[in-house]
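See below for the structure under consideration.
The values are calculated or read from the model by the stated rules, or taken from the named source; none is laboratory data. Note that the structure is predicted; figures quoted are calculated from it, not measured. Neighbour counts run over all protein chains shown; Cβ positions are idealised from the backbone, glycine included. Just the protein is used for accessible areas: all its heavy atoms, side chains included, with ligands, DNA and RNA removed. Shrake-Rupley method; radii C 1.70, N 1.55, O 1.52, S 1.80 Å.
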Amino acid sequence: MNILVILRNLDGSQGFFEEEEYLSESDRNVISEAMTLKEEYGGTVSAVLFSNDTPDCEKTLKKTYAYGVNKAYHAVFQDFDFSDTKTFAKVIAETIERKFPDSDLFLFGRLAYDGDAVTIATMTAEHLRLPRIVYSKEIEKKNDRLICRKHISPKEEAVLEVGMPALVQSIREKGIRRQPKIADIVRAYSDAEIYRLDGEEIYGDIYVGANSVRLVRETEPDDAQEKELKILNGVSDIESAEALIQTLRELGFSADGL
């Protein structure tokens, strides 16, 4: 099973409780999970970091080698707006299609580039037309299928089965922490190569001819308007979609098939 881990770019803005400066705790956890899967089922583990070209990036990727990753990649940008999640998800998806077409599993840590909003992971899966599971606690493999235990609430979980390739956002934080091995540390800081990818080229190919953005209209919500927050959740995407349809019906929307 070939696994690709999409790293979070700390870039000097690590959380207050982070133990390491360059590799976040959620990424260390998901790398540990990937290595456990590799040792049980075979294959390779690669890691890719999407970021502007800063000195910290090499240190981040060297850390992944110290945890046993087979290959580490840096998708390099000069001045990219990573807060534009819609565009960024397209860039990640295009990079995967071009550079990692043989991967069976794409793993995001709990804290991706959009925090824990799971927006990036969801949109990337949609672009790639892959099944995706968020809030995964644990992953197993059975033939060509993935079995994932998923958080539903603090006291509830579900077991989902999907085909591969698949995309999973893992929040497994209480699993066995993999400690760096001496051989991996020596390799990381001696002869391990960091493979550079041209992020600007990939972005340019997606948005060829789009040289400007025109502001059509600026709107602000009415603060006086009554608001109600409703969380749509379900064991699967189908149940979440059914909850959304029911909410739209309650709001008075109607359409064929709704």
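Of note:
- Odd one out for GLU201, checked against (1) open to solvent by 70 Å² or more (accessible area, probe 1.4 Å); (2) part of a helix (DSSP H, G or I); (3) modelled with pLDDT under 80: (3)
- Answer residue from the stretch 234-258, given it is loosely packed, with under 10 Cβ neighbours inside 10 Å and at pLDDT 80 or above and is farthest from ALA158 (Cα to Cα) among those: GLY252
- From the options VAL69, VAL76, VAL91, VAL134, residue that is closer than 24 Å to GLU157 by Cα and open to solvent by less than 60 Å² (accessible area, probe 1.4 Å): VAL134
- Enumerated helices (runs of 4 or more DSSP H) restricted to the stretch 1-99, each holding at least 2 residues that are within 26 Å of GLU126 (Cβ to Cβ) and at pLDDT 90 or above: 25-41, 85-99
- The stretch 181-196, subset in contact with a helix residue (DSSP H, G or I) (Cβ under 6 Å, 6 or more places away or on another chain) and closer than 23 Å to ASN52 by Cβ, residue surrounded by the most Cβ atoms within 10 Å (Cβ to Cβ): ALA188
To keep it simple, each residue is scored yes or no on (1) under 11 Å from the mean Cα position of the chain (by Cα); (2) more than 23 Å from ARG196 (Cα to Cα).
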residue: ALA66; (1), (2): no, no
residue: PHE82; (1), (2): no, no
residue: THR87; (1), (2): no, no
residue: THR95; (1), (2): no, no
residue: LYS99; (1), (2): no, no
residue: SER103; (1), (2): no, no
residue: GLY109; (1), (2): yes, no
residue: ILE120; (1), (2): yes, no
residue: ALA125; (1), (2): yes, yes
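- Single residue of the stretch 37-64 satisfying the filter (surrounded by 17 or more Cβ atoms within 10 Å (Cβ to Cβ) and of a type in the set (Val, Ile, Thr)) that is farthest from ASN143 (Cα to Cα): THR60
- Listed conditions (1) open to solvent by less than 50 Å² (accessible area, probe 1.4 Å); (2) at pLDDT 85 or above are all met by ILE171, apart from (2).
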